[in-house]
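Each reported figure results from applying straightforward, stated rules to the coordinates on display, with no laboratory input. Just so you know, these numbers come straight off a predicted model, no measurement behind them. Cβ: placed from backbone, ideal geometry, glycine included. Neighbour counts: every protein chain shown.
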């Protein structure tokens, strides 16, 4: 069956109705395009959980706190469509901004405590934009399952919360971060990195491993584990840290006493490129 | 067929799926209970537009800016259920607060410009509460049509906007205000009024009629029409005015030059009871 391409929310909703009433399960993989092997892993997980796998590509303007970042964000539609075809995606949803934000749009979805710290503090309005567009995508596609990468850990926590709070009948599945052989987490933003910046970017995963190593050696104090990660990344003066924290896996708040489920989480700039990464302390990668 | 009573969002969503896939149209009438003839008129309109009429009863705590107002709000469930049966409602949805706001709920829906003036200015957080609960009810019931009274005019404008913005596949229908023979708009809050307050409450509709009369006599200046209404209600010292305005029917902003579609809109307290009313200038009632 040829891959469908859908541009309007009305067409998507009609297809969702038909598939649901035919008893078929729909899985949605929301993306901003610039697809890489991390996205392909989401599609594989989606395939295991549904009869139809849909992938959306929409560079959502409202989640960018910096207009230059939005303008520069990689857009690789033809390559993305080829990747989707190869990965066995059944339908790709490629709305324009007017489909997602009708003229005069002024409604936003806001998640409170969970969205406040970390990336929420560093990027004002970012999670409001994420929560708003994800709500719209879930309303438009009406999937049974939606798959998001754990690389965006706080985003995943925010989405799980809004789905529950807004009574959206969809199961949210988190997919493990895919890494390069040397540990760098795959990200569409890695395409910005030149060779030198690419080497510096390893400072993020190294800081997480430093915290996980301290945890494995018996350290349980949250502030001491945070200091391990922070001092690891501080050894790279070319990397500008937004935050390094050890947080509770659900509430996203700094932990006093770490457990194997606690998460090391880091955001930093390498040149102009902002990167994020995270690691469950009891499951170092 | 006996009227169904549904208490959980899961059961409601399952029923919505079954009805939709059977090709039946669902109309939802969201209410806070304390049903009166105004609500019955909404049910009649719903019946004309759908195969199944569902009515929800939920006194939504997040839309009350005053906890005493919430505590005092009339709750008349048995009478409401009898009214629903008589009116031919197919299913009544009576969730408790834990169904609508799962433990730890922290997600809200916010409509921006439209919700800012008038009742939005007078009741901080009110429309955030309305927008949040209406979004949840529409997500849970998945109706084809939802019917709201025009008596809550700004609320209706806010709901039309959020439905469009969040891509909810539902048609919003406004229903004309039902009035007592002397013109008082029906409201669940009228049950608070004693005989004297009941007489004073007519000041609201009289102020709207004063503005509509001036419009009929050729006055088109928004500020002059507003002054007509405001001076009419100011003649009642026992009535404390929140606002009187002549606004655009869609944007809810004061008009400079009124048209037949412009809306007079008023909120005032009679004793402790806050009442609202509105009237389209070209269609006085």
> If you find the alpha carbon centre of the range A:24-46 and of the range B:178-227, how far apart are they in angstrom?
Replying inline: 57 Å
>> Just to be sure I understand the model, the point goes 7 Å from the Cα along the line to the Cβ. What's the resulting residue A:2 to residue B:285 distance in nm?
In response: 5.4 nm
> Taking the label point as lying 7 angstrom from Cα along the Cα-to-Cβ axis, what are the distances from residue B:79 to the corresponding position in the remaining copies, in ascending order and in nanometres?
Replying inline: 6.8
> If you wrap a convex hull around the C-alpha atoms of the range B:188-279 and split its volume per residue, what is the figure in Å³?
Replying inline: 86 Å³
>> Measuring nothing but label to label, 7 Å from Cα along Cα→Cβ, what are residue B:224's distances to the other copies in nm, shortest first?
In response: 8.1
> Gain in length, residue A:103 to residue A:121, computed as 0.36 nm per residue apart minus the alpha-carbon separation, to one decimal in nm?
Replying inline: 3.6 nm
>> Consider the operator that turns chain A into chain B: which A residue has a Cβ nearest its axis, and what is that gap in Å?
In response: A:21, 2
> Which FRET efficiency value, to the nearest 0.05, do you get for residue B:261 and residue A:251 by plugging their Cβ-Cβ distance into 1/(1 + (r/R0)^6) with R0 = 60 Å?
Replying inline: 0.75
> Along the principal axes of its C-alpha atoms, what lengths does the range A:4-175 span, in descending order and rounded to whole Å?
Replying inline: 42, 34, 33
> How much mean residue ellipticity at 222 nm does chain A get from its helices, if each DSSP H run of length 4 or more adds -39500 (n - 2.57) and you divide by all residues, to the nearest 500 deg cm²/dmol?
Replying inline: -12000 deg cm²/dmol
> What is the projected area of the convex hull of the Cα atoms of the range A:31-113, averaged over all directions, in nm²?
Replying inline: 7.2 nm²
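Could you please rank A:250, B:134, A:43, B:280, placing first whichever residue has the fewest other Cβ atoms within 10 Å of its Cβ? Show your work: numbers first, answer last.
Working: A:250 13, B:134 26, A:43 23, B:280 20.
Result, fewest neighbours first: A:250, B:280, A:43, B:134.
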> What are the distances, in nm and sorted shortest first, from the label point of residue B:285 to the label points of the same position in each other copy, with each label point placed 7 Å from Cα along the Cα-to-Cβ direction?
Replying inline: 5.9
> How would you rank A:3, A:100, going from fewest to most other Cβ atoms within 10 Å of each one's own Cβ?
Replying inline: A:3, A:100
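So for chain A, averaging the separation of alpha carbon pairs under 8 Å that are six or more residues apart and normalising by length, what relative contact order in percent results?
On the way: 526 pairs, mean separation 48.2, N = 285.
Across chain A, relative contact order equals 17 percent.
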>> Counting other beta carbons within 10 Å of each residue's own, what order do A:244, A:58 fall into, fewest first?
In response: A:58, A:244
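Based on the alpha-carbon gyration tensor of the protein assembly as shown and its eigenvalue square roots a ≥ b ≥ c, which shape applies: rounded if a/c is under 1.5, prolate if not and a/b is larger than b/c, or oblate?
Because a/c hits 1.5 or more and a/b exceeds b/c, the protein assembly as shown counts as prolate.
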> If each of residue A:231 and residue B:272 carries a label point 7 Å out from its Cα toward its Cβ, how far apart are those two points in nm?
Replying inline: 6.2 nm
>> As an exercise, use a Förster radius of 35 Å and the Cβ-Cβ distance of residue B:195 and residue B:85 to find the FRET efficiency, rounded to the nearest 0.05.
In response: 0.65
